[in-house]
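**Student:** Here it is, the structure, as structure tokens.
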């Protein structure tokens, strides 16, 4: 093969093609979720695939992961890397107080550079929901229960780790923005050795040890209560409020008998800088990173002209499609060999009416 032909046939880094059975499963899953979200009152919205880069620059955790391009007027654009961001701008520009609360759902491709070796990990299909205009814990609980219904609909069983950005903000309120970002990253990667070094000298040693243990916690509400009571240090007022909110949600999940799908994990502090309340990520066996993420972001829409509390989640559908239930597989198919096309067509119609594939 010549170098020119080889170049011509190459696939650009970050793209992915979905073939036949995989494409069928992908479409079926997306349609199933669309029906589910609509049944909960979440109606579809569409966002552009690119927008001006500088608008979102403060909300992007890692600029190097963003695909950028220059338009014909010389403006710097970014390809969609997170539908929530683009959606926040659209909602911020179009909503009025009389519209609230509003429930929306979305689905579409995003591009986010993450892995040079495996190009399939740069292009994702993101589907999700946002509940805008409700700030109480019932809205958080609604999103978590819709997420649980999403798992049931797809016939998968992830474990969702729930933490609190509100708790983290309360614990490190005296630090500058740069230091807060570093601390958040250290907690997310469970790099508690460097976190201890970062905190020492800034706050008293006893509180350093307390925070290290606090943000390592993974367990049940009862275990968290035991941990807090056994600590020699007490929480400050804002920390107490944040944990009370989290415990209220978790105890409600227990009453709803779905707590086996959820666990408190205080090292989950949110993978996006705009979160303000509960944050969560869902993991499934056999997948190397989170397949779902979400949380509360009460300040984001205000950056685009319309302040409204919001909470939601997004699912990276392509990551879990090889683990979906049998109902998303191709139905049985039958080849009809009748030489008479009219007779063959009549036979095919009967087969198709029973939900199977008929091939003439």
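The values are calculated or read from the model by the stated rules, or taken from the named source; none is laboratory data. Fair warning: this is a prediction, and the values are worked out from it, not measured in the lab. Here Cβ is always computed from backbone atoms with ideal geometry, including for glycine, and neighbour counts include all displayed protein chains.
**Student:** Just name the residue that is farthest from the chain's Cα centre (by Cα) out of those in segment 232-258 that are without any contact (Cβ under 8 Å) to a residue 24 or more places away in the chain and surrounded by 14 or more Cβ atoms within 10 Å (Cβ to Cβ).
**Tutor:** 235
**Student:** Can you spot a residue in segment 210-228 that is over 22 Å from residue 160 (Cα atoms) and loosely packed, with under 12 Cβ neighbours inside 10 Å?
**Tutor:** Within segment 210-228, not a single residue is over 22 Å from residue 160 (Cα atoms) and loosely packed, with under 12 Cβ neighbours inside 10 Å.
**Student:** Looking at segment 288-302, is at least one residue surrounded by fewer than 16 Cβ atoms within 10 Å (Cβ to Cβ), in the same structural domain as residue 139 (by TED's automatic domain parsing) and under 23 Å from residue 317 (Cβ atoms)?
**Tutor:** Yes - at least one qualifying residue is present in segment 288-302.
**Student:** What residue, among those in segment 266-285 that are more than 30 Å from residue 55 (Cα to Cα) and surrounded by fewer than 21 Cβ atoms within 10 Å (Cβ to Cβ), is nearest to the chain's Cα centre (by Cα)?
**Tutor:** So, considering only residues that are more than 30 Å from residue 55 (Cα to Cα) and surrounded by fewer than 21 Cβ atoms within 10 Å (Cβ to Cβ), the one nearest to the chain's Cα centre (by Cα) is 283.
**Student:** Is segment 337-346 home to any residue that is without any contact (Cβ under 8 Å) to a residue 12 or more places away in the chain, out of contact with any strand residue (DSSP E or B) (no Cβ under 6 Å at 6 or more places or on another chain) and closer than 30 Å to residue 173 by Cα?
**Tutor:** no
**Student:** Would you mind stating whether residue 322 is assigned to a helix (DSSP H, G or I) and either assigned by TED's automatic domain parsing to the domain that holds residue 29 or within 17 Å of residue 153 (Cα to Cα) (or both)?
**Tutor:** Considered against the rule, which asks whether it is assigned to a helix (DSSP H, G or I) and either assigned by TED's automatic domain parsing to the domain that holds residue 29 or within 17 Å of residue 153 (Cα to Cα) (or both), residue 322 comes out as yes.
**Student:** Testing residue 22 on (1) in a helix (DSSP H, G or I); (2) modelled with pLDDT of 85 or more; (3) more than 23 Å from residue 181 (Cα to Cα), one condition comes back false. Which one is that?
**Tutor:** Condition (2) is where residue 22 drops out.
**Student:** Tally up the residues in segment 231-256 that are part of a helix (DSSP H, G or I), out of contact with any strand residue (DSSP E or B) (no Cβ under 8 Å at 6 or more places or on another chain) and within 24 Å of residue 191 (Cα to Cα), please.
**Tutor:** Residues flagged as part of a helix (DSSP H, G or I), out of contact with any strand residue (DSSP E or B) (no Cβ under 8 Å at 6 or more places or on another chain) and within 24 Å of residue 191 (Cα to Cα) within segment 231-256 amount to 1.
**Student:** Now for a separate question. Considering each of 149, 120 in turn, give the residue that is at pLDDT 90 or above, in a helix (DSSP H, G or I) and at negative phi.
**Tutor:** 149
**Student:** So, one more: Quick one: would you say residue 198 is outside the structural domain of residue 299 (by TED's automatic domain parsing) and assigned to a helix (DSSP H, G or I)? If you could, list the steps in order and put the result at the bottom.
**Tutor:** Working: outside the structural domain of residue 299 (by TED's automatic domain parsing): yes; assigned to a helix (DSSP H, G or I): yes.
So residue 198 fits the description; yes.
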